[in-house]
Amino acid sequence: MLKIENKADIFHYRTLLFVLVFSILTLLSRYFYLQVIEYERYSSKSQVNSVRAQATYAPRGLILDRNGVVLVENYPTYILTVTPYELDNKEKQFQIISDITDISIDELSRRYKKYNQGRFLPTVIAKNLSFAEISQIEERRLELSGFQYKRFDERLYNDVLKDAHFLGYLRELDRESIPFLDKSQLYRAGELIGWQGLEKQYETELRYSKGIEYIEVDTYGREINTINDNNIPAYPGKNLTLSIDSKLQQFSKNLLIDQKGVILVSNVDTGDILSMVSNPSYNLDIYRGETTDSDWSNLLSDEDKPIINRNIAGLYPPGSSFKIITAFNLIEDGLLDPEDSLMCTGSYIPPGSSNTFNCWKGDGHGLVDLNKAIAQSCNVYFYETVQLIKLADWTKTAKIFGFQNKTDIDLPNELIGQIPDKEFFINTYGRWGWSERGVLLNLTLGQGDILVTPLQSLRYINHIASKGKTAKLKLNANKKVEYYDDIILSEQTWDRVIKGLYDVVNSEGGSGWRAKQPEVKLYGKTSTAENPHGEPHAWFNGFFDFEGQTYSLVVLVENGGGGGAVASPIAGEIVKFFTSEQVEMVNK
Amino acid sequence: MSFFNNYIYGSNEYLGRLYLIVSSLITFGLITLYSISTDPLSISSSFMRQLIFIIFSLFVFFVLNQINVKTIHDNSTLIYIFSFLLCFVPFFLSPVENTYRWIDLGFFYIQPGEYLKCATIILIAKYLSNHQLEVKEGYIVFIPILIALLSSFLVLNQPDLGTAVIIFAPVLPMMLWAGVNGFTLFLLIAPVITIIAASNNMIFNIWGVIMFIIFMTFQGGLLKRVLIYFANIFTGLLFPFFWNDFLNGYQRQRFIDFLNPDLDPMGSSYHIIQSITAIGSGGMFGKGWGQGSQTQLKFLPVQESDFILSVIAEEFGFFGIAVIMFLFFMLIKTLLDIAFKSSDYFSSLVIVGLTSILFSHIFVNSAMTIGLMPVKGLPTPFVSAGGSFMLLCFIILSLVTNFSKN
């Protein structure tokens, strides 16, 4: 009980009650006026005709490549809808539609039930109708009360890039997803929405803005008149210009023709991705029109996983390119003199262990300093020197270069891979099931529990090419250039590593000599990544200067074999593409 | 009913009546929602969602019932600060429908501005009850108005004009209840009426005369009264000038857009026309449950929340509206009865404040459906679909139950 007593005054109570009665009576009298006195007027107004607002549409934005080549455009088709309460003889009318469109009556009935939105609202029962079919329906208009057709734009992909995962696709929107979408865009069930790839990423920009058209309809919802006042026009979506060069994309795709793998090419200075190939792929046209369930399940169960964009969602051990991570630690922290050499006899036995770790070159590299170790990818050199580094420092360096982190590319569903740290090893192998020295022998070769995406690998090589100040990777040519966090290392460290990468391609005995091109200085690192799925993955990560710009590339051939033998020649071909006559297309 | 009362709440007859009215309103709302849902039994239909919200709100109601009035009284400042801070949370989240009003809890959205209303009332009630002896002095009004202004300013930035205005609704009735003198209250509302009246010369002149008479009848220094009178007149005269000449068309539009961001792209006049047609065509006894052609053909937008009364009017006619208005009247009257009989001053003031909130929602929403007020997204208590507001209504109900226990 609170201390202060209620002293409410009966006068105040009555004042409030008076306000209440007065307001309620005001409202009631207005209702009475509308519903009883003016009843005739509104009743006839509602019976004879009503104004219905109807959405109008405009085309979705196109997707173009950097040179203005149209990659995705719109393709008009027709859809057939039926409004349940306007049907007068459902069986007979379905028979007619079935005759015209070759869709079975069962299928029509199934869709009729599945997509039903209520007695008064049109339900879509057929899509992708041809103009000929529409003409036949129009001829039998009188028998087909309740049926309506309207234009419905679908996406049409350029033949050259119709298998490019990054473009993504549209999907028909179902009722369940609508509450999760931006309400201001006025999504309705049955409309198309960007569901994957760039179509999803840039949905807001690409999507048209809906218009409103007012139509006078009678009591059955039939159109009587269109009213032109207050209509809001629909506006087309904005076009999206990509940094992709479709010629280069096509050229690089042909380099991988029968192999699984990835080719990425980017401009280091701007972060623009010029080519992003993921093989095998599939035809994006399957999202259009009718694809049978068996085609779908074949695609989904295909062991080669054509549905995945390997660039952002494929996880691979990186192999020897991670020797550079070790090299960064060694030089930056002054753990050894890079000029010092040690002896590679072809194998290495860690102190206190009886296991032998072999170099890939059976008879050894002889005397090896850091530069030669990078150029010839000597395992023994890194086995020995990685022993000077703490696991925590090593993984920290890997993460600074963007591994186990998103590259922030403008694509949805990017994976981040895995850089195993102490905690990971304890969780996986138990506290005593592993040793720091032991796992580092694996990690320094980019093997073991490390997983990276090819795009992360591209970011890594871009960090090196730009000495730490690196533009964020992107596909939208008009997106502002942003930068990743600067990586601050001494000039000497960068120079040593870059010199090593130069010698990989250009020195005698360098593992990437097959990529060498006469007119262009190419830097790179080959990797041959062992994996449980068969032959090793062949990698080549590299960069080169061309006409004042720096370009980078990543080639990955899944289960292709040696990075030097398989991936390097492909990298060489790509550099050749730049120097050949098609160059002005790229450099625009 | 009496068993129910006696068993749980001793012998408070008003609470029994209150629960009966609230259950009737909820039932009425559910029947109407069932009628306009395309597929009422699916989990995403407004009917089922409403049912789930009600069950959830009931649960909250019983939990809050355990809290003692004294706890609320003693912690009213804390409650206010907490609600106030809660209103900042949406600014750190991504905007919902381009505003920062909502916090997404996954299964439904809550609108912290709603709870700030209650907290504001509790704080004002505490202030007024603690300063009961000074209530005859004019300056007593400043602190409550400052509190309301603070809350209102915050939600105005979300932006949410509807809630910002509603926060002021309880201030006058609570002051009246507390015994603040009539002239002071008149001084508070006079400028608002002056600004509204300024839109029409004739009305403005009449208002000027009325104001003059009132000023002359009341006590106080002549100079003070004359000054206040002319301050009022000048506000009225300057406002249209400020609006028309000082701001250009673009700025005016910006201002309107800022105040009214949920302005539908279809245009608000379209809503009003459709609503009035639906109501008018309902006639005396309506078209029957599920038979409203305007509502069933979806001519009427947001019919399950903002325009639910139009649906009732179309399907159940003037008769249905009379029933629901009677229920609203009884709801408010019962709440006032409870406030009047309440044994302590603080409880009594809180109940009056909460009642004013409910009443202003009822009034603004009804007036909107019949075109007496501009379109503003304020739902009707216990009837409109919507989780956050339904929860608020039940919180109010539980506060009233609590405060009437004394």
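Quick note: the coordinates plus some simple rules give every number you see, no bench work behind them. What you see is a predicted model; the values in this text were computed from it and never measured. Cβ atoms come from the backbone with ideal geometry, glycine included; neighbour counts cover every protein chain shown.
Summary of values
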{"quantity": "Hits among aspartates and glutamates - C-alpha to C-alpha of residue B:126 under 17 Å, sequence gap 8 or more where chains match", "calculated": "A:5, B:74, B:134, B:344"}
{"quantity": "For chain A, the spread of Cα positions along each principal axis, largest first, Å", "calculated": "106, 86, 46"}
{"quantity": "Translational diffusion coefficient (Stokes-Einstein; Kirkwood radius from C-alpha pairs) of the protein assembly as shown at 37 °C, 0.692 mPa s, in µm²/s", "calculated": "96"}
{"quantity": "Prolate/oblate/rounded label for the stretch A:251-302 (Cα gyration tensor, a/c 1.5)", "calculated": "prolate"}
{"quantity": "The stretch A:278-322: C-alpha gyration tensor shape, a/c 1.5 cut-off, then a/b vs b/c", "calculated": "prolate"}
{"quantity": "Relative counts (whole %) of C-alpha pair distances in the stretch A:436-575, using bins that are 10 Å wide", "calculated": "12, 37, 37, 13, 1"}
{"quantity": "Nearest-ten-degree value, helix A:39-48 long axis tilted from longest Cα axis of chain A", "calculated": "60"}
{"quantity": "Computed Rg/Rh of the stretch A:246-587, alpha carbon atoms with Kirkwood Rh", "calculated": "0.97"}
{"quantity": "Footprinting exposure proxy for B:330, B:390, B:211, A:343 (fewest neighbouring C-beta atoms within 10 Å first)", "calculated": "A:343, B:330, B:211, B:390"}
{"quantity": "Tilt relative to chain A, helix A:323-332 - C-alpha long axis, 0 to 90 degrees, to 10", "calculated": "70"}
{"quantity": "Per-residue [θ]222 nm for chain A (sum of -39500 (n - 2.57) over DSSP H runs n ≥ 4, rounded to 500)", "calculated": "-9500 deg cm²/dmol"}
{"quantity": "For residue A:170, distant residues with modelled amide H under 5 Å away", "calculated": "A:195"}
{"quantity": "Other protein chain Cβ atoms within 10 Å, averaged over every residue that makes up B:323-333", "calculated": "3"}
{"quantity": "Local electrostatic count, residue A:238, Cβ distance below 12 Å [Lys/Arg +1, Asp/Glu -1]", "calculated": "0"}
{"quantity": "Lysine pair count for the stretch A:403-495 [Cα-Cα under 25 Å; pairs on different chains or 8 or more apart]", "calculated": "12"}
{"quantity": "Sequence-distant lysines (8 or more away, or on other chains) whose Cα lies within less than 23 Å of residue A:150", "calculated": "A:90, A:92, A:113, A:114, A:127, A:210, B:298"}
{"quantity": "Of all DSSP beta bridges in chain A, antiparallel share, percent nearest 5", "calculated": "95"}
{"quantity": "Residues A:484, A:13 arranged by fewest to most Cβ contacts within 10 Å", "calculated": "A:13, A:484"}
{"quantity": "For residues of A:179-188, the mean tally of beta carbons on other chains within 10 Å", "calculated": "2"}
{"quantity": "Set of aspartates and glutamates near residue A:576 by C-alpha distance (under 15 Å), chain-local residues within fewer than 8 positions excluded", "calculated": "A:519, A:545, A:547, A:584"}
{"quantity": "In Hz, Karplus ³J(HN,Hα) per residue of the stretch B:58-63 (6.51, -1.76, 1.60; θ = phi - 60°; x = Gly, Pro)", "calculated": "4, 4, 4, 4, 5, 5"}
{"quantity": "Amide H contacts of residue A:234 (H built 1.01 Å from N, under 5 Å, at least 5 apart or other chain)", "calculated": "A:211"}
{"quantity": "3J(HN,Hα) from dihedral phi, the stretch A:249-260, Karplus parametrisation 6.51/-1.76/1.60, rounded to Hz, x for glycine, proline", "calculated": "4, 5, 4, 6, 4, 5, 6, 10, 3, 9, 10, 7"}
{"quantity": "Packing-based order for A:307-319, A:184-196, A:450-462, using average beta carbon neighbours within 10 Å, highest first", "calculated": "A:450-462, A:307-319, A:184-196"}
{"quantity": "Antiparallel %, DSSP beta bridges [both residues in the protein assembly as shown], to 5", "calculated": "95"}
{"quantity": "Burial ranking of peptide ranges A:166-172, A:352-358 (average Cβ count within 10 Å, highest at the top)", "calculated": "A:166-172, A:352-358"}
{"quantity": "Peptide ranges A:414-426, A:153-165 listed from the most packed, as the mean C-beta count within 10 angstrom indicates", "calculated": "A:153-165, A:414-426"}
{"quantity": "Gap separating the Cα centres of the stretch B:151-205 and the stretch B:77-128, nearest whole Å", "calculated": "22"}
{"quantity": "Cα gyration tensor shape for the stretch A:76-152, rounded if a/c is under 1.5, else prolate or oblate", "calculated": "rounded"}
{"quantity": "Residue mean of other protein chain beta carbons inside 10 Å, A:316-326", "calculated": "0"}
{"quantity": "Amide proton proximity set for residue A:128, modelled H, under 5 Å, gap of 5+", "calculated": "A:78"}
{"quantity": "Sequence of B:128, B:18, B:372 once ranked by neighbouring C-beta atoms within 10 Å, starting from the fewest", "calculated": "B:372, B:18, B:128"}
{"quantity": "Neighbourhood charge, 12 Å Cβ-Cβ cut-off, centred on residue A:97 and excluding it, Lys, Arg +1 and Asp, Glu -1", "calculated": "-2"}
